[in-house]
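Written below as structure tokens is the structure these notes are about.
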Amino acid sequence: MKQRILIIEDEVSIADTVKYVLEQALFEVFCTTTAGEGERLLRQCKPDLLVLDIGLPDMNGLDFYRKLRNEFDLPVIFLTACSDEIDRIVGLELGADDYVTKPFSPRELAARVKTVLRRFAFANAPALKRVAEFELSEERRSISWHGEKLKLSRNEYALLVALLNHPGRVYSRRQLMEIAWEEPEASMERTVDTHIKTIRAKLKTINKDDPIVTHRGFGYSIS
């Protein structure tokens, strides 16, 4: 599937030239000249990268990005007709991935688009840890079992993370309490048993295997 690029640029000749070069580089490209239409295309087309002119007719590009950056997690390259250092600093402080001053080479911009996309993909690649049939991504606070994401409470998640990070290691109930509870002294160690029972029930709805080993009189481990 082609990666999608959205260009919000009010100079049609520039947008058309950049669009042509990016399409030659096998991107799918969408163009508009206003922030209002750009917001609609962001929601509709779900682009992988935004090329955003600062000097738009209906809204300053920096304000546009400031408005939507928390909703859309995608890299942005700002375009500007001026070399004002303040604009550059503000853009970078807002989280811009690159900044290009007009006039520029469309092929150079295409090269920057590729570089930013590679950097963004690397930075956002989930670090998955696989243990038996579990997949753990602590960055996303997500645990899957046999390919299906588990719906876990905060304490259930923390318990499983502790066990998955050291498969085979036997944890006492007290050790698990210290890891998974914010105030372990306020709860009884048997609370761990209750949470393990709930976790096992959730695992069983996906697959009947039981990877949690009970060490009677002591605690638990992941096989």
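Here the spin labels are modelled as points 7 Å beyond Cα on the Cα-Cβ line, and at Arg107 and Ile179 they lie 5.6 nm apart. Ellipticity at 222 nm from helices only: DSSP H runs of n ≥ 4 in the chain, each -39500 (n - 2.57), divided by the residue count, give -13000 deg cm²/dmol.
Read through the labelled values [x] 1.06; [y] 1.45; [z] 1.36 and report the label of the one computed as Cα Rg over 2.2 N^0.38 Å from the structure. Checked against the structure: label [y]. Measuring between alpha carbons in the structure, the pairs from Lys19/Lys46; Lys2/Lys129; Lys46/Lys102; Lys129/Lys208; Lys46/Lys114; Lys67/Lys102 lying more than 20 angstrom apart are Lys2/Lys129; Lys46/Lys102; Lys129/Lys208; Lys67/Lys102. Hey, any idea what % of the chain's accessible area is carbon plus sulfur with a 1.4 Å probe? Heavy-atom surface of the chain belonging to carbon and sulfur, 1.4 Å probe: 49 percent. For the range 124-194, averaging the sequence separation of C-alpha pairs within contact (under 8 Å, six or more residues apart) and dividing by the residue count gives a relative contact order of 19 percent.
Within the chain, the longest run free of GluC sites (Glu not before Pro) that sit in a DSSP loop with at most 12 other Cβ atoms within 10 Å is 1-70. Accessible surface computed residue by residue for the chain, with neighbouring protein chains in place and a 1.4 Å probe, gives 56 Å² per residue. Here is the list for the range 1-75: trypsin sites (Lys or Arg not before Pro) lying in DSSP coil, each with at most 16 other C-beta atoms within 10 angstrom of its C-beta, are Lys2, Arg69.
The values are calculated or read from the model by the stated rules, or taken from the named source; none is laboratory data. Everything numeric here is computed off the predicted structure, so don't read it as measured data. Heads up, the Cβs are rebuilt from the backbone with ideal geometry, glycines too, and the neighbour counts pull from every protein chain shown. Remember, those area values only see protein heavy atoms, side chains included, never the ligands or the DNA or RNA. Shrake-Rupley method; radii C 1.70, N 1.55, O 1.52, S 1.80 Å.
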